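The values are calculated or read from the model by the stated rules, or taken from the named source; none is laboratory data. Since we're looking at a predicted model, the values are computed, not measured. Heads up, the Cβs are rebuilt from the backbone with ideal geometry, glycines too, and the neighbour counts pull from every protein chain shown. Areas reflect the complete protein model, heavy atoms only, side chains present, ligands, DNA and RNA absent. Shrake-Rupley method; radii C 1.70, N 1.55, O 1.52, S 1.80 Å.
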Amino acid sequence: MSGKPRLTYCNGRGRMEPVRWLLAAAGVEFEEIFLETREQYEKLIKDGSLMFQQVPLVEIDGMKMVQTRAILSYIAGKYNLYGKDLKERALIDMYVEGITDLMQMILMFPFAPPEAKEKNLDSIKERATNRYFPVFEKVLKQHGQDFLVNNKFSWADVQLIEAILAVEEKIPAVLSGFPQLQAFKIRMSNMPTIKKFLQPGSPRKPPPDERYVETVLKIFKK
Amino acid sequence: MSGKPKLHYFNGRGRMESIRWLLAAAGVEFEECFLETKDDLTKLQKDGSLLFQQVPMVEIDGMKMVQTRAIGNYIAAKYNLCGKDLKERALIDMYVEAITDLNELLMTHAFQPADKKEQHFATIVDKATNRYFPVYEKVLKDHGQDFLVGNRFSRADVQLLETLLMAEECKPDILAKFPLLQSFKARISNIPTIKKFLQPGSQRKPPLQEKDVPKLMKIFH
């Protein structure tokens, strides 16, 4: 047993990608097990590894953790990415939850029927540029600091850079009205642990393709 | 200014109810400001009170907090309802997140179109009795303690009770096969702060009636 956290999920981004980002940003090496068949998934359920019969599953510090937010909160807390007190944590939580709402739209995008894709893309663009990005642009402008919360690198910064890159993949010019976010993106991308994660060969997963969608449906659809 | 937390939401359960439960369980008095029309929501959005233009919003300790989970985390931590260390918190978080998933199903039931209601009901019952309740029944059976985590009252106990009661509203005999959840329900309901919240006249909200759905849609859509 290596002592490294072990992630069990499909070989793709999905709900596990924020966990990969956070561990990578914290400089923590991890192992991965990829679900490819329904049988593998059913076996995991049968042997009691999945508390609520769902993945993501992260084996860490003797626990078999499920529920993405529980996992992320634990990692953030353990690696000091969760602020120094309750109020900083409150701010980080608000930012992360807002970004997660935006990421949820991206998560669901590949699974919508083809005729809904254009409308969904418009929704993502609308929400990103009118609801979410303006908030973080303003936060950065107002305090003029490098990081979102109290001048210290946190989970909120990791979640935001992940979201910016994910939205840009779909809408390349999305940051055009957001100079602070453009600078933030460059700054975060240059942090050593994140820079490493952004290089080819890292555990970062590519955008979902048809094969990924097929695999997910095959494994999980009842 | 009273110093009490002030909750902004419509006059119903929705996403604010779990916050009301937590504050009540912690013995914290709070005020409420109800959105009745779309204009009420628009006004809050325009004056910059809503970080992402959405409610719930809770004014607490000089902050205008939004995002239900952020609010819940803050209250739970402030009032010592999230365990004594990272590992207890991890367990509490896992339990609470799963309960939240079930709550989401229960909450959206009133909004289902007529032709989907029966199927949705069946899904609720299936998930509650096959995926979620067995886990908590087993947790209680395995350690034999009064509370879910660390032999100490936590937000997991509060949220589980809330969900058990909502599930029973949906199907009165839904706990038939879960004797430990039944005794858990009785035990936690008798905790003084919670007992008070369960009495008529408290700030606990009733289930959403179908006749109220159109009014809600007007505010939020």
**Item:** Qualifying residue in the range B:192-203 (condition: in contact with a Phe, Trp or Tyr (Cβ under 9 Å, 6 or more places away or on another chain), in contact (Cβ under 8 Å) with a residue 40 or more places away in the chain and open to solvent by less than 20 Å² (accessible area, probe 1.4 Å))
**Value:** yes
**Request:** Give the range B:137-151 a look and list any residue that's surrounded by 14 or more Cβ atoms within 10 Å (Cβ to Cβ) and away from chain A (no Cβ under 12 Å), or say none.
**Result:** B:137, B:140, B:146, B:147, B:148, B:149, B:150
**Message:** Being under 22 Å from the mean Cα position of the chain (by Cα), among the charged types (D, E, K, R) and away from chain B (no Cβ under 14 Å) is the filter here; which residues of the range A:21-67 pass it?
**Reply:** A:29, A:31, A:32, A:36
**Message:** Can you tell me how many residues within the range A:164-190 are closer than 23 Å to residue A:152 by Cα and open to solvent by 40 Å² or more (accessible area, probe 1.4 Å)?
**Reply:** 8
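Residue by residue through the range B:29-45, note down the ones that are in a loop (DSSP other than H, G, I, E, B), open to solvent by 20 Å² or more (accessible area, probe 1.4 Å) and at pLDDT 95 or above.
Going residue by residue through the range B:29-45, those that are in a loop (DSSP other than H, G, I, E, B) are B:29-30, B:36-37.
Right, trim to open to solvent by 20 Å² or more (accessible area, probe 1.4 Å) and you get B:29, B:36-37.
Passing the criteria: only B:29.
Inspect all residues belonging to the range A:54-70 and state whether any of them is closer than 28 Å to residue B:61 by Cβ and not in a helix (DSSP H, G or I). Write out each step before concluding.
Restricting attention to the range A:54-70, the residues satisfying the condition of being closer than 28 Å to residue B:61 by Cβ are A:67-70.
Then drop every residue that is not not in a helix (DSSP H, G or I), which leaves A:67.
Yes - at least one qualifying residue is present in the range A:54-70.
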**Message:** Return the residues of the range A:68-90 that are at the interface with chain B (Cβ under 7 Å from one of its Cβ atoms) and within 13 Å of the chain's Cα centre (by Cα); say none if nothing qualifies.
**Reply:** A:69, A:73
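Has the range A:128-139 got at least one residue that is open to solvent by less than 70 Å² (accessible area, probe 1.4 Å), within 14 Å of another protein chain (Cβ to nearest Cβ), out of contact with any Asp or Glu (no Cβ under 7 Å at 6 or more places or on another chain) and hydroxyl-bearing (Ser, Thr, Tyr)? Walk me through it before giving the result.
The initial filter retains those residues of the range A:128-139 that are open to solvent by less than 70 Å² (accessible area, probe 1.4 Å), namely A:128-129, A:131-137, A:139.
Those left that are additionally within 14 Å of another protein chain (Cβ to nearest Cβ): A:128-129, A:131-137, A:139.
Narrowing further to those that are out of contact with any Asp or Glu (no Cβ under 7 Å at 6 or more places or on another chain): A:128-129, A:131-137, A:139.
Checking the rest, the ones that are also hydroxyl-bearing (Ser, Thr, Tyr) come to A:129, A:132.
Scanning the range A:128-139 turns up at least one residue that is open to solvent by less than 70 Å² (accessible area, probe 1.4 Å), within 14 Å of another protein chain (Cβ to nearest Cβ), out of contact with any Asp or Glu (no Cβ under 7 Å at 6 or more places or on another chain) and hydroxyl-bearing (Ser, Thr, Tyr).
Considering only the range A:132-192, give the helices (runs of 4 or more DSSP H) lying wholly within it that have at least 2 residues that are in contact (Cβ under 8 Å) with a residue 60 or more places away in the chain and out of contact with any Leu (no Cβ under 6 Å at 6 or more places or on another chain). Let's see the steps before the verdict.
Details: elements: A:133-143, A:155-170, A:179-189.
Per the criteria, A:155-170.
Answer with yes or no whether residue B:176 is in a loop (DSSP other than H, G, I, E, B), among the small types (Gly, Ala, Ser) and open to solvent by 40 Å² or more (accessible area, probe 1.4 Å). Can you show your working first?
Details: in a loop (DSSP other than H, G, I, E, B): yes; among the small types (Gly, Ala, Ser): yes; open to solvent by 40 Å² or more (accessible area, probe 1.4 Å): yes.
Yes; evaluated as a whole, the condition is true for this residue.
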**Complete:** Picked from the range B:98-136 (must be over 14 Å from residue B:17 (Cβ atoms), at the interface with chain A (Cβ under 10 Å from one of its Cβ atoms) and hydrophobic (A, V, I, L, M, F, W, C)), the residue surrounded by the fewest Cβ atoms within 10 Å (Cβ to Cβ) is B:135
**Given (1) modelled with pLDDT of 95 or more; (2) part of a helix (DSSP H, G or I), index of the condition residue B:115 fails** = (1)
**Message:** Based on this model, can you work out whether residue A:25 counts as more than 23 Å from residue B:98 (Cα to Cα), surrounded by 19 or more Cβ atoms within 10 Å (Cβ to Cβ) and not acidic (Asp, Glu)?
**Reply:** yes
